[in-house]
Amino acid sequence: MKAGNHRHRRFPEDLAFTLNNRIRRFLEPPERLISKLHLKPSDVIVDFGCGPGFFAVPLAKVTERTIAVDASLRMLEKAASYAKRSGVIVEFLKSNGTKIGLPDQSVDMVFLNHVFHEIDHRPRVLMEFLRIMKTSGRLVVIEKTQGSRLLGGKLGPPVIDSREVVQEMEHAGFILMQMIAHGSDSIIVGQKPW
């Protein structure tokens, strides 16, 4: 990414409660975004950078198998607790993305919400996504692409130029399928080629 959009520091684990709580689920229901993904009940989904499970749990309610992946053991523990309270089955893997303990071509979708900007070694991670994805599998990257007026735009993830995300995805071998506006975010969907 360009100098203005360099990698953002990781989200502080001590603030995990802000990522998944009743108020956020009421104001920003994860199901609203999930409904735009056209998932099938038979899909196998990886929620990469799952944090405390804000999306992993609702994804598990509509897909056959959801695998929550995070570099932080503490975030995975919070997500597992939320999944248990919600009565859904979610699998958990600790990984920074350079090596994900899943078989080749076993996943229909890799989903990242406000995580792409935090990934170190993006080319290696994108290649690992390609490895675990089935042919024509989708990579869904959600990033903030428009500024916010909250606290002068300093609250939340950084603003990322969607063209730069697309460029990195295409450079790794993904084909851009679509971009969907979602509030101040963009949902960028790439596909593994046939």
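The values are calculated or read from the model by the stated rules, or taken from the named source; none is laboratory data. On a predicted model such as this, the values are computed, not experimentally measured, just so you know. Don't worry about glycine lacking a Cβ; one is built from the backbone with ideal geometry, like all the others, and counts go over all protein chains shown.
In table form, for the structure just shown:
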{"item": "Yes/no for residue 79 being of a type in the set (Gly, Ala, Ser) and farther than 17 Å from residue 46 by Cα", "result": "no"}
{"item": "Breaking point among (1) modelled with pLDDT under 95; (2) of a type in the set (Val, Ile, Thr); (3) within 15 Å of residue 57 (Cα to Cα), for residue 89", "result": "(1)"}
{"item": "Residue satisfying all of: in the stretch 95-137; touching an Asp or Glu at 6+ places or on another chain (Cβ under 7 Å) and of a type in the set (D, E, K, R); farthest from residue 43 (Cα to Cα) among these", "result": "122"}
{"item": "Residue within the stretch 43-52 that is crowded, with 17+ Cβ neighbours inside 10 Å, part of a helix (DSSP H, G or I) and touching an Asp or Glu at 6+ places or on another chain (Cβ under 7 Å) present", "result": "no"}
{"item": "The one condition in (1) closer than 19 Å to residue 54 by Cβ; (2) exposed (fewer than 12 other Cβ atoms within 10 Å of the Cβ) that residue 83 fails to fulfil", "result": "(2)"}
{"item": "Filtered residue count, the stretch 63-86, keeping only those that are under 20 Å from residue 35 (Cα atoms), modelled with pLDDT of 95 or more and either of a type in the set (D, E, K, R) or assigned to a strand (DSSP E or B) (or both)", "result": "4"}
{"item": "Cβ-Cβ under 7 Å pairs, at least 6 apart or on other chains, the stretch 93-114 side hydrophobic (A, V, I, L, M, F, W, C), far side part of a loop (DSSP other than H, G, I, E, B) and loosely packed, with under 15 Cβ neighbours inside 10 Å", "result": "93/101"}
{"item": "Odd one out for residue 60, checked against (1) modelled with pLDDT of 95 or more; (2) within 25 Å of residue 133 (Cβ to Cβ); (3) surrounded by fewer than 18 Cβ atoms within 10 Å (Cβ to Cβ); (4) out of contact with any helix residue (DSSP H, G or I) (no Cβ under 6 Å at 6 or more places or on another chain)", "result": "(3)"}
{"item": "Failed criterion for residue 114 (all others in (1) crowded, with 20+ Cβ neighbours inside 10 Å; (2) under 17 Å from residue 175 (Cβ atoms) hold)", "result": "(2)"}
{"item": "All strands (runs of 3 or more DSSP E) inside the stretch 87-146 with 2 or more residues being among the polar types (S, T, N, Q)", "result": "133-144"}
